[in-house]
Amino acid sequence: MDSVFASIVQAPEDPILGVTVAYNKDPSPNKLNLGVGAYRTEEGKPLVLNVVRKAEQLLVNDQSRVKEYLPILGFSEFNKLSAKLILGDDSPAIQENRVATAQCLSGTGSLRVGAEFLAKHYHQRTIYIPQPSWGNHVKVFTMAGLSVKNYRYYDPTTRGLNFQGLLEDLGAAPAGAIVLLHACAHNPTGVDPTVEQWEQIRQSMRSKGFLPFFDSAYQGFASGSLDADAQPVRMFVADGGECFIAQSYAKNMGLYGERVGALSIVCKAADVASRVESQLKLVIRPMYSNPPIHGASIAMTILKNSDMYNEWKIELKAMADRIISMRKQLFDALSAKGTPGDWSHIIKQIGMFTFTGLNSDQVAFMTKEYDIYMTSDGRISMAGLSSKTVPHLADAIHAAVTRGC
């Protein structure tokens, strides 16, 4: 007898994670994976921060630690420290108890919990996301019961921000709409608004009563400064309005597989925040009951110890600086080759990713001829590059661009 699931079709590979699957199958010694959104050292190896190893050792040595279930919202101290990290030590929202925070499963889990909450409790069911955005955003919001629309963001001609288009599209959205904003280091483009542009976005959004939903996956990882990368979020919180913030510790603490994150909902009053918190529990309980202990314990250990916190900031800045250096090296290599086109966007963009402007045919050519793996939209992970592999990538880009000229 056939399986009751015999009619199920084979699902396609995830467009981002599928890059790594293809890379792993390639026997070439020169292969290069620029698809994965994870930091690599100059030697191309995954990095566990020294301060993370120290924190883990402290946890292992603490015989009083147990494996009991956490509360539904996780560690209350972790939640307080996470809110403080993104909102600032002196945030009035924190001082006035207007922030409801839940420990969640990294950035993705934080987005999903926030989306489920909105689908149940908010009067609008549509979220506007930038075009393009992280590939998982549409799926996360759709599965939670929201419908997704786009607003213009990236300008392929300048390889920068289409600011006019962004303002026009948000201006045309209905009052009260939910709007997703990348807090810094926009994924996949690496294009961020200036502080002045952020202020215009804030004014435009507040004038129409939009609800901002920040995805903060790269705090400190973009510029090397935790405070600078949090500035857009803090601008919105400073005006007293409400917003959602999904935080991830995957990139900035290198805790990718530990799934450490937080969802903070900034409310207008403490009593509202208290009720919101109570309803967050009802979203989380049937989803995964409560979050895991280990990764959040690492983050909490680092955040609450001033010496470890300062050590983390130094290691974080070193990661950000290496990525900035890779941008310069790639730009210099393409300039030295005289590769046709303007490649200055490589050093203007920020964060883990560069939107190269290469098309899917050029990407396919680079994979076939040079064993370089990246997403078909031309996004490359700068963190996957090293001084040794920049020349190989520059050769491939040059060949792809000049092919058929």
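Could you tell me whether segment 346-356 includes any residue that is part of a helix (DSSP H, G or I), under 19 Å from the mean Cα position of the chain (by Cα) and touching a residue at least 40 places away in the same chain (Cβ under 8 Å)? Yes; the residues of segment 346-356 include at least one that is part of a helix (DSSP H, G or I), under 19 Å from the mean Cα position of the chain (by Cα) and touching a residue at least 40 places away in the same chain (Cβ under 8 Å).
Just name the residue that is nearest to D14 (Cα to Cα) out of those in segment 139-157 that are open to solvent by 50 Å² or more (accessible area, probe 1.4 Å) and without any contact (Cβ under 8 Å) to a residue 60 or more places away in the chain. In this case the residue turns out to be K139. Only residues that are over 18 Å from Q197 (Cβ atoms) and either part of a strand (DSSP E or B) or modelled with pLDDT of 95 or more (or both) were counted across segment 137-161, and they come to 14.
Listed conditions (1) open to solvent by 30 Å² or more (accessible area, probe 1.4 Å); (2) under 20 Å from S289 (Cα atoms); (3) of a type outside the set (V, I, T); (4) out of contact with any Pro (no Cβ under 9 Å at 6 or more places or on another chain) are all met by N136, apart from (2).
Counting the residues of segment 339-356 that are surrounded by fewer than 18 Cβ atoms within 10 Å (Cβ to Cβ) and not hydroxyl-bearing (S, T, Y) gives 5. Summed over segment 299-313, the residues that are surrounded by 13 or more Cβ atoms within 10 Å (Cβ to Cβ) and farther than 19 Å from V260 by Cα give a count of 1. For segment 365-381, a tally of residues being open to solvent by less than 60 Å² (accessible area, probe 1.4 Å), free of Cβ contacts under 8 Å to residues at least 60 places away in the same chain and not in a loop (DSSP other than H, G, I, E, B) returns 2. Scanning segment 10-49 for residues that are farther than 24 Å from H137 by Cα, modelled with pLDDT of 90 or more and of a type in the set (G, A, S) yields a single hit, S28. Of all residue pairs spaced 6 or more apart or on separate chains, those with beta-carbon atoms under 6 Å, a first member in segment 287-312 that is closer than 18 Å to L73 by Cβ and small (G, A, S) and a second member that is open to solvent by 60 Å² or more (accessible area, probe 1.4 Å) and in a helix (DSSP H, G or I) are G295/E258. Just one of the listed residues (V113, V19, V36, V52) is buried (at least 16 other Cβ atoms within 10 Å of the Cβ), within 25 Å of A228 (Cβ to Cβ) and within 21 Å of the chain's Cα centre (by Cα), namely V52. Of the candidates A336, A296, the single residue that is surrounded by 13 or more Cβ atoms within 10 Å (Cβ to Cβ) and part of a helix (DSSP H, G or I) is A296. Taking the criterion of being of a type outside the set (A, V, I, L, M), under 30 Å from D239 (Cα atoms) and out of contact with any Phe, Trp or Tyr (no Cβ under 9 Å at 6 or more places or on another chain), the residues of segment 257-302 that qualify are C267, K268, D271, S274, R275, E277, S278, K281.
The values are calculated or read from the model by the stated rules, or taken from the named source; none is laboratory data. Here the structure is a predicted model, which means the values were calculated and not measured. When we count neighbours, we look across all protein chains shown, and the Cβ atoms used for this are built from the backbone with ideal geometry, even at glycine. With ligands, DNA and RNA removed, areas are computed over all heavy atoms of the protein, side chains included. Shrake-Rupley method; radii C 1.70, N 1.55, O 1.52, S 1.80 Å.
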